[in-house]
Structures are given as C-alpha cells and as structure tokens.
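Novice: Okay, here's the structure, questions in a sec.
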Amino acid sequence: MNNHPKKERTFVIIKPDGVQRGLIGEITKRFERVGLKITASKMIMATEEQCWEHYKKDDAWFIEKGTRILNDRKEAGLEITKEAIDYGKEIIEMLVKYMTASPIVAMVIEGNNATSLVTKLVGSTEPTTSDVGTIRGDYSLDSYEISGIDERAVRNLIHCSEDTTEAERELKIWFNEDEIISYRLIAEQMLYDVNLDGILE
C-alpha cells in the first residue's frame, strides 16, 4: 500500500437504518463532495461472526457504557436488574442483532486525512447531540437515552473508523485486499498535483 498521505484509507459501514431509509446516495455524496474517493463498496448481509470481531471491546468499555445505561434507567424510574458491565455487554449483543437485520453497505474510502475527515463528516456517535451539518446530525434523531430505555442499539446510520489503526483492523474483517481498487480520479489532479500542467488548451 502507498504510504503517501493522499492514499490514507479508512472504513465505513452504512448501517441497516441508512439502507432502509434510502440514504445510501446522500451519505456517499457527502464523502465524494469533499474530494474523498471510494475504492471499494459492497452491499452485504453481515454475519454475526463479522460483527463480533468488528465490535471487539474490553471490560473498561463495557463498564463505561453500562454505567451510562444504569444512570438513564434510574432517571427514567426503570428497574435495574444487572450490573453495569452486563448492560455494557448487551450493547454489543444489540448491535449484532441490529447489524444483521438488513443489508449494509461496507466501503473503503481514500484520501488525504481520510479517517479524521470522515469522522468529522459523520459526526458524534449520538445523533441528537451531533452537530448540524454532519451526517448523523442532519439525518437522524435517535439518542442514547431512548435506545437505552428501549434496550436496543442506537440507530445512527453509519459506522466509521476512529483512527488509522482501527481502520486497517476493520478493513481486514470486511474486505479482501483484491476487492480494493487502485485507480485515479481526474479530480485528483486539482486536489493533489503539484503542477497543474495541461489544464489550459
């Protein structure tokens, strides 16, 4: 793989709610409009095995997320029947159920600072607190509070890798290297070339 910054790769999944709400085009348009390049894309039915490998979390993560659910349930006056870590583990179980309920679209996206740029375009994980102008902020209204009370995964349209290390790990779960196409967009000359020779006739 070329290590030039303009060749940075990141990973995105348009989740079942993004597919079912007909937002595939709107979401991919956001990435293409800024100058990022899609080098692989496929609609698939995710397997449980892929999802468990994808959402590989440790106990600290389970406790942090489970504590948030406990607090939301207390504020809503709902019964608490489990420890924080168990509520945290249920998040992954609910995510696996959600991610395998409908087709998803997995994508590899390439470009300068692709990972941080995609993260900025996607917005924060919780749609109701995600900024206006982001994908989640503009197209979803779900929240941690209501998803925790309803005991389901938060429906936030899209997954994106948080850093380049995570991107490389996740890419290997969902794509074979030969599925990722190396090609040049004409627009890349304007985005990246040092000399803009040959534009004028």
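Novice: Taking the conditions exactly as written (closer than 30 Å to E90 by Cα and surrounded by fewer than 12 Cβ atoms within 10 Å (Cβ to Cβ)), does T125 satisfy them or not?
Specialist: No, not satisfied.
Novice: Consider D138 carefully, then state whether it is free of Cβ contacts under 8 Å to residues at least 24 places away in the same chain, exposed (fewer than 15 other Cβ atoms within 10 Å of the Cβ) and either over 15 Å from K7 (Cα atoms) or β-branched (V, I, T) (or both). Break it down stepwise before answering.
Specialist: Numbers: free of Cβ contacts under 8 Å to residues at least 24 places away in the same chain: yes; exposed (fewer than 15 other Cβ atoms within 10 Å of the Cβ): no; either over 15 Å from K7 (Cα atoms) or β-branched (V, I, T) (or both): yes.
Answer is no for this residue.
Novice: Pick out the one residue from G22, G18 that is at pLDDT 95 or above, outside any helix (DSSP H, G or I) and either crowded, with 16+ Cβ neighbours inside 10 Å or not polar (S, T, N, Q) (or both).
Specialist: Values: G18 fails: outside any helix (DSSP H, G or I).
Only one candidate passes the filter, namely G22.
Novice: In segment 66-84, is there at least one residue being over 18 Å from R155 (Cβ atoms), assigned to a helix (DSSP H, G or I), in contact with a Ser or Thr (Cβ under 9 Å, 6 or more places away or on another chain) and free of Cβ contacts under 8 Å to residues at least 24 places away in the same chain?
Specialist: Yes, because at least one residue in segment 66-84 is over 18 Å from R155 (Cβ atoms), assigned to a helix (DSSP H, G or I), in contact with a Ser or Thr (Cβ under 9 Å, 6 or more places away or on another chain) and free of Cβ contacts under 8 Å to residues at least 24 places away in the same chain.
Novice: Taking segment 35-65 on its own, how many of its residues are surrounded by 13 or more Cβ atoms within 10 Å (Cβ to Cβ) and either in a helix (DSSP H, G or I) or more than 20 Å from the chain's Cα centre (by Cα) (or both)?
Specialist: 10
Novice: When segment 143-174 is examined, which residues are found to be under 21 Å from E90 (Cβ atoms), touching a residue at least 12 places away in the same chain (Cβ under 8 Å), surrounded by fewer than 22 Cβ atoms within 10 Å (Cβ to Cβ) and not small (G, A, S)?
Specialist: Matches in segment 143-174: Y144, E145, I149, E151, R152, R155, H159.
Novice: Kindly indicate whether any position in segment 185-198 is farther than 29 Å from A101 by Cβ and β-branched (V, I, T). Spell out the reasoning first.
Specialist: Going residue by residue through segment 185-198, those that are farther than 29 Å from A101 by Cβ are 185-198.
Next cut, β-branched (V, I, T) only: 186, 194.
Scanning segment 185-198, I find at least one residue that is farther than 29 Å from A101 by Cβ and β-branched (V, I, T), so the answer is yes.
Novice: Another question about this same structure. Does segment 130-146 include one or more residues that are within 25 Å of G25 (Cα to Cα), among the hydroxyl-bearing types (S, T, Y) and out of contact with any Ser or Thr (no Cβ under 9 Å at 6 or more places or on another chain)? Don't jump to the end; show me each part of the working.
Specialist: The initial filter retains those residues of segment 130-146 that are within 25 Å of G25 (Cα to Cα), namely 130-143.
Imposing the further condition that a residue be among the hydroxyl-bearing types (S, T, Y) reduces the set to 130, 134, 139-140, 143.
From the residues that got through so far, the ones that are out of contact with any Ser or Thr (no Cβ under 9 Å at 6 or more places or on another chain) too are 139.
Yes, the conditions are met somewhere in segment 130-146.
Novice: Something else about it: Which count do you get for residues in segment 25-34 that are under 20 Å from E162 (Cβ atoms) and surrounded by fewer than 16 Cβ atoms within 10 Å (Cβ to Cβ)?
Specialist: Residues meeting the conditions: 1.
Novice: Further question on the same structure: Grab the helices (runs of 4 or more DSSP H) fully contained in segment 116-201, keeping just those with 2 or more residues being farther than 15 Å from F11 by Cβ.
Specialist: Per the criteria, 135-139, 144-149, 188-192.
Novice: Run S140 past the list (1) of a type in the set (S, T, N, Q); (2) under 20 Å from I92 (Cβ atoms); (3) within 16 Å of the chain's Cα centre (by Cα) and report the number of the one that doesn't hold.
Specialist: Among (1) of a type in the set (S, T, N, Q); (2) under 20 Å from I92 (Cβ atoms); (3) within 16 Å of the chain's Cα centre (by Cα), S140 violates only (2).
The values are calculated or read from the model by the stated rules, or taken from the named source; none is laboratory data. Fair warning: this is a prediction, and the values are worked out from it, not measured in the lab. FYI the Cβ positions are ideal-geometry reconstructions off the backbone, even for glycines, and counts take in every protein chain you see.
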